[in-house]
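Have a look at the structure below before the remarks.
The values are calculated or read from the model by the stated rules, or taken from the named source; none is laboratory data. None of these values were measured; they are calculated from a predicted model. Cβ coordinates were reconstructed from backbone atoms using ideal geometry, including for glycine residues, and neighbour counts include every protein chain displayed.
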């Protein structure tokens, strides 16, 4: 025999589940892929050298395809939506500046400070954000999340590559080499190519688009698996001690700056403002580890920071989404 109290509890339960389900549904598969890589490394199913090979595949093939497809499928008006892009770029650069300053004043080298600036400000909008907001807010949330992904990748990685090229190999011709590095980077030229095609309304053949889509689908799983594989050889405790500052900046300062810009300082559609804040609250993106491994900088700190911030985001992103409604 059902009691009135039981009936009330049953009515309340779906509300709790519906709040957490989108976050759990997006975060748990991410952890599953990292865990697969971790276990593969721990039990010597896959060698550590495979982590480098996977990252090379992601960096040179899968991630460029993902960025190209995300931009190519938008319209020029959507790609150049002013207030939204300004908010995304300003909040990202503001958080990156805070990360660089903290690292610099603690005595770190400029190259390490650049990597920490990226770790403090680079959100996982591509692998985690787009699925999360689509499940939580519907299909119309996919476009602003995709634009946030494009803006973050273009600005963050362009600046990071310029600085790293200058700081890692400080010799004559550094500026020219850095600019060449940006232009030739697999994280930059696919975006520029897609914008060019969209601006002039050029259509690529359908088989080519399907090939790019298929290749893009491999970026997230491979990068996350490689993180787990790399972390399996590390001390999580040591990595956590090194990465806690950038993790706090990423999960707290970044969404606060975005909320200030999106809701108070810039005129923006309220729904797009909400998506911008949710995207800013996301943890460190796995592709930061790809760049860390590329330049042999803070690999342990970056990979552990990605794992820890993703774990913490289960609580922090739920809190942000609950506050935004």
Legend entry - From 250, 203, residue being touching a strand residue (DSSP E or B) at 6+ places or on another chain (Cβ under 7 Å), more than 29 Å from residue 49 (Cα to Cα) and at pLDDT 80 or above: 250
Inset, instruction - Being surrounded by fewer than 16 Cβ atoms within 10 Å (Cβ to Cβ), in a helix (DSSP H, G or I) and modelled with pLDDT under 85 narrows it down to one of 223, 238, so name that one. - result: 238
Inset, instruction - For residue 114, indicate whether it is within 25 Å of residue 263 (Cβ to Cβ) and either out of contact with any helix residue (DSSP H, G or I) (no Cβ under 7 Å at 6 or more places or on another chain) or at pLDDT 75 or above (or both). - result: no
Inset, instruction - Go through segment 257-293 residue by residue and tally those that are closer than 20 Å to residue 62 by Cα, modelled with pLDDT under 90 and not in a helix (DSSP H, G or I). - result: 2
Inset, instruction - Please give the number of the condition residue 215 fails out of (1) under 20 Å from residue 50 (Cα atoms); (2) part of a helix (DSSP H, G or I); (3) at pLDDT below 90. - result: (3)
Legend entry - Boolean, residue 145 is surrounded by 24 or more Cβ atoms within 10 Å (Cβ to Cβ), part of a helix (DSSP H, G or I) and within 16 Å of the chain's Cα centre (by Cα): yes
Inset, instruction - Specify the residue that is surrounded by the most Cβ atoms within 10 Å (Cβ to Cβ); the eligible residues are those in segment 73-85 that are modelled with pLDDT of 85 or more and touching a helix residue (DSSP H, G or I) at 6+ places or on another chain (Cβ under 8 Å). - result: 84
Inset, instruction - State all residues of segment 72-111 that are under 21 Å from the mean Cα position of the chain (by Cα) and not in a helix (DSSP H, G or I); if no residue qualifies, say none. - result: 73, 74, 80, 81
Inset, instruction - Determine which single condition residue 296 fails, assuming it passes every other condition in (1) at pLDDT 85 or above; (2) touching a helix residue (DSSP H, G or I) at 6+ places or on another chain (Cβ under 7 Å); (3) surrounded by fewer than 24 Cβ atoms within 10 Å (Cβ to Cβ). - result: (2)
Inset, instruction - Read through the list (1) in contact with a helix residue (DSSP H, G or I) (Cβ under 6 Å, 6 or more places away or on another chain); (2) not in a helix (DSSP H, G or I), then give the number of the only condition that residue 201 fails. - result: (1)
Legend entry - Hits in segment 246-277 - residues which are out of contact with any helix residue (DSSP H, G or I) (no Cβ under 6 Å at 6 or more places or on another chain), under 30 Å from residue 222 (Cβ atoms) and either crowded, with 24+ Cβ neighbours inside 10 Å or touching a residue at least 24 places away in the same chain (Cβ under 8 Å) (or both): 252
Inset, instruction - Return a yes/no flag: does segment 112-128 have any residue that is in a loop (DSSP other than H, G, I, E, B) and in contact (Cβ under 8 Å) with a residue 60 or more places away in the chain. - result: yes
Legend entry - Odd one out for residue 150, checked against (1) at pLDDT 70 or above; (2) farther than 21 Å from residue 71 by Cα: (2)
Legend entry - Scope segment 30-61; condition surrounded by fewer than 23 Cβ atoms within 10 Å (Cβ to Cβ), modelled with pLDDT of 80 or more and under 28 Å from residue 146 (Cβ atoms); matching residues: 32, 33, 35, 36, 56, 57, 60, 61
